[in-house]
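This report concerns only the one structure given below.
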Amino acid sequence: MSTEIRADFDVSNKPHVMLADVPDALPVSTVNSLKLAARKSSSEVCGFITNRYDIVYVKNSHPEPDANFIMDAIDYKRAIEQIYVGEDKIIGVFHTHPGGSPHPSMNDIKGWPNEQLGWRYLIATPDEVYEYQYKNQPAQGAMSGIRIND
Ligand SMILES: [Zn+2]
């Protein structure tokens, strides 16, 4: 199984978010596509990773998208339907940080998917893709109401 290491940033106000150390866990093509997405758009780009490691983009409807993202509610449903109609599954959620910060923002932490979904959490910068895990997550979360039938 994966091991976790502490992220190299001040965790004093976000003590349960840790950088996940999961070597070779994503195909190079997926990693490269995510980095390219971070390079191509000055706005944050977000979406899902499927069990086939396909990337399904979801429209970012945040009014200040350069340093924030909100998955557009309608496009989010469209993306989930697309994935599940194809009998694939979501294994992770990602967004880009075009400015290059590898760290989850406070809003990222507030909107963290419910851990019961089992989704991996990826942040792509123009140069790297980082995976984080949120341990002992509080019960509330912006995406906590989502239920996926599989
Ligand atoms: Zn972020």
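The figures follow:
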{"read-out": "5 angstrom amide H check on H62, placed H, neighbours 5+ away", "value": "I70"}
{"read-out": "For region 48-63, 3J(HN,Hα) per residue [Karplus equation, 6.51 cos²θ - 1.76 cosθ + 1.60, θ = phi - 60°, Hz, x = Gly/Pro]", "value": "10, 10, 9, 4, 8, 6, 6, 9, 10, 7, 10, 4, 8, 9, 5, x"}
{"read-out": "Restricting region 55-143 to GluC sites (Glu not before Pro) in coil, as DSSP defines it, with at most 15 other Cβ within 10 Å", "value": "E87, E128"}
{"read-out": "Pairwise label distance in nanometres, A73 with Y53, each label 7 Å out on the Cα-Cβ vector", "value": "3.6 nm"}
{"read-out": "Built amide H within the under 5 Å cut-off of I91, gap 5+", "value": "I49, T50, N51"}
{"read-out": "Normalised convex hull volume, region 20-112, alpha-carbon set, Å³ per residue", "value": "102 Å³"}
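Each reported figure results from applying straightforward, stated rules to the coordinates on display, with no laboratory input. This is a predicted model, so every value here is computed, not measured. Glycine gets a Cβ as well: all are built from the backbone with ideal geometry, and neighbour counts include every protein chain shown.
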